[in-house]
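Encoded as structure tokens, the structure appears first; notes follow it.
The values are calculated or read from the model by the stated rules, or taken from the named source; none is laboratory data. Nothing here was measured: the structure is a model prediction, and the numbers come from that model. Neighbour counts run over all protein chains shown; Cβ positions are idealised from the backbone, glycine included. Just so you know, the surface numbers come from the protein's heavy atoms only, side chains and all, with ligands and any DNA or RNA stripped out. Shrake-Rupley method; radii C 1.70, N 1.55, O 1.52, S 1.80 Å.
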2 protein chains.
Amino acid sequence: MKRYSQQSRLLFAVDCIIFGFDGQELKLLLIQRGFEPFKGQWSLVGGFVQESESAEDAASRVLKDLTGLDGIYMEQLHTFSSPSRDTVERTVSVAYTALIDIQKYKQQLNEDFHAVWFPINHHPELIFDHKQMVDQAKEKLRYKAALHPLLLELLPGKFTIPQLQHLYESVYNAAFDKGNFSRKILSTKLLVKLADKDKLSSKKGAFYYKIDRKKYNANFHAFLNFVPDPHVLAATNGV
Amino acid sequence: MKRYSQQSRLLFAVDCIIFGFDGQELKLLLIQRGFEPFKGQWSLVGGFVQESESAEDAASRVLKDLTGLDGIYMEQLHTFSSPSRDTVERTVSVAYTALIDIQKYKQQLNEDFHAVWFPINHHPELIFDHKQMVDQAKEKLRYKAALHPLLLELLPGKFTIPQLQHLYESVYNAAFDKGNFSRKILSTKLLVKLADKDKLSSKKGAFYYKIDRKKYNANFHAFLNFVPDPHVLAATNGV
DNA sequence: TCAAAAGTGTTTTTTTTACACCCATGG
DNA sequence: CCATGGGTGTAAAAAAAACACTTTTGA
């Protein structure tokens, strides 16, 4: 059992599945390749891992380059390594899921990257196995968001409970009782009520809230159980 | 943005965190390296990914070589890619968690590998970042087993409810009410009652059960919620 | 003044938990 | 014949769900 015999070396990349929420529905950020091969085709944002960095570092770098944003929520999804996944050259890719406040991003220049937000269920064909990555990321998001408050990452700094409910409803494609929803969210003590209201979507106006970052960080793993029947949504998940 | 410029190529490996249950406590299978460098030190079972295979294929192959067993429960845990993780040469490693019936394994020859079962909370120092891998695997096991019936994978073909309860109690280091436990397990309809009893641990004897593979495969993702306070165990988890 | 959305209150239903009790049997 | 674990029954407590009702205010 000689381990350090001559071994094949291969290319090592990262790809980012970037989710955003525009107030209406869940979106996915894609770029149109401006270079050969496959110029013009849509793909996830990605790049190669450099000698001096970890995959996490590479994903952060790629995200920073694209959005100009630091401190984005990001987690490793899965590593894709089929020998046939990249038709150009054998490449292993670690996929990361990122959640960003779409508002913040809007201010940034995205022209250099030809990046476009697509509705999560209505995006163009993707290169290589990127569709598989996106599907898996969607599953995991739905799974995890039923247990942890991570969807808060998709909202702007201040937001209302009805807005948050709308986000959950769009992610789970289901309607929730507003009374029960609001109580459940507030019972986590993860939100702080602000003094002002959002008057855009109703005459009465809804109070703004912000994340209590301290409690959020300490209690991120708290179970929320927002979704009526977790069996349904867990049906195809891989965590 | 030239993507396919010259890129560094690196070594690509897999490591397996193999859990077993001997009826008393959770165990971890480790090997003592029989080759340089670090000869004599303990490590996870691992190997390099070959040109023609995926990381999953490589992990299965490694597992087959070590245990002689096919069809072992296995899932990708995380990819470790810090530039400094392997002190010999830069290597990226995909870690896999495997759950095996320790009885089945016992029949196999393990002499070639110098493989030894260690109590999960009392194992020797490990090479590289293998301790980190093990810790993460433990966390994920505890997290996932609270929601899915995967601990069944650790038991032999037939087992009793009290044996299963003992397994849960050892994984969560907590005591469960036997009545509630048995009802909760049985309510999943994942088990089939057999005609014979295990008379070893009591005079009355406890009925054997086996997994209803059909329902198990279809309902693996069913939420079980075995653990009294999920907050506690989720506290440090990364899923 | 009233429609529409925010937010509160209350009842019903379901699930979980605690714990008492019966069962079977080997020593 | 009784101690020991296996297994069932059931009431209390807690959580979740359903839904009625009150509040605010711009048009």
Exercise for review: Report, to the nearest whole %, how much of the accessible area of chain A belongs to carbon and sulfur atoms, 1.4 Å probe, protein only.
Suggested key: 50
Exercise for review: Any chance you could list the semi-axes, whole Å, largest first, of the equivalent ellipsoid that the Cα gyration tensor gives for chain B, using √(5λ)?
Suggested key: 35, 20, 17
Exercise for review: Please label the shape of the protein assembly as shown as rounded, prolate or oblate, based on the square roots a ≥ b ≥ c of the eigenvalues of the alpha-carbon gyration tensor (a/c under 1.5 means rounded; beyond that, a/b larger than b/c means prolate, else oblate).
Suggested key: oblate
Point to revise | Dipole axis of chain A (+1 Lys, Arg; -1 Asp, Glu on Cβ), positive-most option in A:SER82, A:TYR168, A:LEU44 | key: A:TYR168
Point to revise | Per-residue average of Cβ from other chains inside 10 Å of A:77-86 | key: 5
Check your understanding: Which percentage, to the nearest 5, of the DSSP beta bridges contained in the protein assembly as shown is antiparallel?
Key -> 70
Point to revise | Computed helical MRE - 222 nm, chain B, DSSP H runs ≥ 4 contributing -39500 (n - 2.57), nearest 500 | key: -8500 deg cm²/dmol
Point to revise | Peptide-level mean, for A:42-53, of C-beta atoms on other protein chains within 10 Å | key: 3
Study note, to complete from the structure: Any residue on another chain or 5+ positions along whose placed amide H is under 5 Å from the amide H of B:HIS78 is listed here as B:ALA95
Point to revise | Furthest towards positive pole of dipole, B:LEU99, B:GLY157, B:GLY179, structure part region B:90-186, Cβ charges | key: B:GLY179
Practice item. About the Cα centre of the protein assembly as shown, how large is the charge dipole given +1 on each Lys and Arg Cβ and -1 on each Asp and Glu Cβ? Please answer in debye to the nearest 20. Key: 1780
Study note, to complete from the structure: With +1 on the Cβ of every Lys and Arg and -1 on the Cβ of every Asp and Glu, the dipole magnitude of chain B about its Cα centre, in debye rounded to the nearest 20, is 1000
Check your understanding: Which shape class, rounded, prolate or oblate, goes with region A:155-228 when its Cα gyration tensor gives a ≥ b ≥ c as root eigenvalues, a/c under 1.5 marks rounded, and past that a/b bigger than b/c marks prolate?
Key -> oblate
Review point. Under a 5 Å amide H to amide H cut-off, with H placed in plane at 1.01 Å, what residues pair with A:THR91 once short-range neighbours are removed?
Key: A:ASP86
Check your understanding: When all C-alpha to C-alpha distances in region A:72-153 are sorted into bins of 5 Å, what percent of pairs does each bin hold, rounded to whole numbers?
Key -> 3, 11, 18, 21, 22, 15, 7, 2
Revision key, fill the gap. Over region A:155-225, with neighbouring protein chains present, the accessible area per residue in Å² at probe 1.4 Å is 60
Exercise for review: Averaging sequence separations of C-alpha pairs under 8 Å and six or more residues apart, then dividing by the length of chain A, give the relative contact order as a whole percent.
Suggested key: 21
**Study point:** For region B:11-145, accessible area per residue (1.4 Å probe, heavy atoms of protein chains only), Å²
**Key:** 40
Review point. Dipole magnitude of region B:11-145 about its Cα centre, charges +1 at Lys/Arg Cβ and -1 at Asp/Glu Cβ only, in debye to the nearest 20?
Key: 360
Practice item. In nm to one decimal, list the spacings between the B:ASP65 label point and its equivalents in the other copies, with label points set 7 Å along Cα to Cβ, shortest first. Key: 3.6
Study note, to complete from the structure: Between chains B and A, the summed loss of accessible surface on complex formation, probed at 1.4 Å and reported to the nearest 100 square angstrom, is 5000
Practice item. Take every Cα-Cα distance within region A:45-119, group them into 5 Å bins from 0 onward, and report for each bin the whole-number percent of pairs it holds. Key: 3, 14, 23, 23, 19, 12, 6, 1
Check your understanding: Could you give the radius of gyration (one decimal) and Dmax (whole number) of the Cα atoms in region B:11-145, in Å?
Key -> 13.9, 41
